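FYI, it's all coordinate maths here, none of it is from the lab. Bear in mind the structure is a predicted one, so any value in this text is a computation, not a measurement. Using ideal geometry, Cβ is built from the backbone for each residue, glycine included, and neighbour counts are taken over all protein chains shown.
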Amino acid sequence: MHPRSGRLLGQVRYLPPHEGGADVKPAPFAYHAPTTVADAVGVLAEHGDEAKVLAGGQSLVPLLALRLARFGHLVDLNRVPGLGEIARVDGHLEVGAMTRQAVAEHSPLTASVPLLARALPLIGHFQIRNRGTVGGSIAHADPASELPAVALALDASLVVVSPAGERTVPASAFFLSTWTTSLEPEDVLTAVRFPVWDGRCGFAIEEFARRSGDFAVTGAACGVALGPGDEVARVAIAMFGMGATPLRAADAESAVLGTSAGDVDATEIGRLAVAPTDPPDDLHGTSAYRRSVGAHLTARALTRALEEAIHG
């Protein structure tokens, strides 16, 4: 193979440095295409922090191309079978980490988790969703992304494989900071388990973005379940774009729990939700602006979820 297009080294493809001009191509890396999860874990364990998993690549590839991130080894999971399946298992919807977002969006099984079904069409553009994966978005842990907030709101479990075997990590312990999770360098996220809520439930997700397809400036995902007397028996409120990770609004949830659905003051709950947050100032908006918009979106999501739970 011509050296400018890379040369094959067994199962590894080496990409040479970009010659001249601005850095608009990735730094050199070795490419690995394992065909089993065990092989992928082995490569990651061998190379440690120098290795990175490649799923859909919709977030990672731009970072590499702009040289905002560098890894000596990329471990592509696209040839590993069995990671792109969706199934109902023991009260959960189990979504394989390599499931394309568009596949999950259009799967009839996804309807069993309405909050997930409503979040998926909000991700980027359809071209992004055709390639992007559910697990990739969650593992990338962008604080403005919809799927991490949905996973946190629904108390999803993340299935992780390492050299020590398989374990599950609750979403509440998974997101540590911007683009940072509890995954170790040798870990592979293989599936996400979203609980399926039963009974009289309502769900809503609201977000504000500058343009359609952009990352949200801020947003809120909400789920409620009503008891026999229309009291709120279960509530989940998660916000995104309001900090370094998606955030559960614990104080707001406590204020809603046990209240009659018709007596919930959604505006006040929105204020409670954003009160402890410290969102960033950036070119998209100030911290105060994010809190104001976040409170409004939380109130609107909660109102819609309650209405759906009441009226079906």
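Under a GNM of the chain (C-alpha, springs under 10 Å), which listed residue has the highest mean-square fluctuation: Gly56, Gly82, Gly202?
Most flexible of the set in this elastic network: Gly82.
Between Ala250 and Thr168, with labels modelled 7 Å along Cα→Cβ, what's the label distance in nm to one decimal, could you check?
So the label points at Ala250 and Thr168 sit 2.2 nm apart.
Set Lys and Arg Cβ to +1 and Asp and Glu Cβ to -1, take the dipole of the chain about its Cα centre, and tell me which of Leu272, Leu109, Phe203 lies farthest positive.
Leu109
For Arg300, Arg67, what ranking results if the residue with the fewest other Cβ atoms within 10 Å of its Cβ goes first?
Going from sparsest to densest Cβ surroundings: Arg67, Arg300.
In nanometres, what is the gap between the two model label sites at Glu307 and Ser212, each 7 Å from Cα along Cα-to-Cβ?
2.2
What whole-number value in cubic angstrom gives the convex hull volume per residue for the C-alpha atoms of segment 162-246?
About 139 Å³ per residue, rounded to a whole number.
In the neighborhood of Pro34, defined by Cβ-to-Cβ distances under 12 Å, what is the net charge if each Lys or Arg adds +1 and each Asp or Glu adds -1?
Once all neighbours under 12 Å are counted, the net charge is -2.
Once you have the alpha carbon radius of gyration of segment 86-195, what is it after dividing by 2.2 N^0.38 Å, with N set to its residue count?
0.98
If I take all pairs of Cα atoms in the chain, what percentage of them are more than 33 Å from each other?
Values: 13575 of 48516 pairs.
Counting every Cα pair in the chain, those more than 33 Å apart make up 28 percent.
At 7 Å along the Cα-to-beta-carbon direction for both Leu283 and Asp198, put a label point, then send me their distance in nm to one decimal.
Modelled inter-label distance: 5.1 nm.
Among Asp198, Asp265, Asp76, which one shows the biggest mean-square fluctuation in a GNM of the chain, springs joining Cα atoms closer than 10 Å?
Looking only at Asp198, Asp265, Asp76, the largest GNM fluctuation is found for Asp198.
Given the rule -39500 (n - 2.57) for each run of at least 4 DSSP H residues, summed and divided by the residues of the chain, what is its mean residue ellipticity at 222 nm, to the nearest 500 deg cm²/dmol?
Mean residue ellipticity, 222 nm, calculated: -8500 deg cm²/dmol.
Can you sort Glu105, Glu268 so the residue with the fewest Cβ neighbours within 10 Å comes first?
With the fewest neighbours first, Glu105, Glu268 line up as Glu268, Glu105.
If you place +1 on the Cβ of every Lys and Arg and -1 on the Cβ of every Asp and Glu, how big does the dipole about the Cα centre of the chain come out, in debye to the nearest 20?
Using Cβ point charges on Lys, Arg, Asp and Glu, the chain gives about 1040 debye.
Segment 200-311: percent of C-alpha pairs farther apart than 22 Å?
Value for segment 200-311 (Cα pairs over 22 Å): 28 percent.
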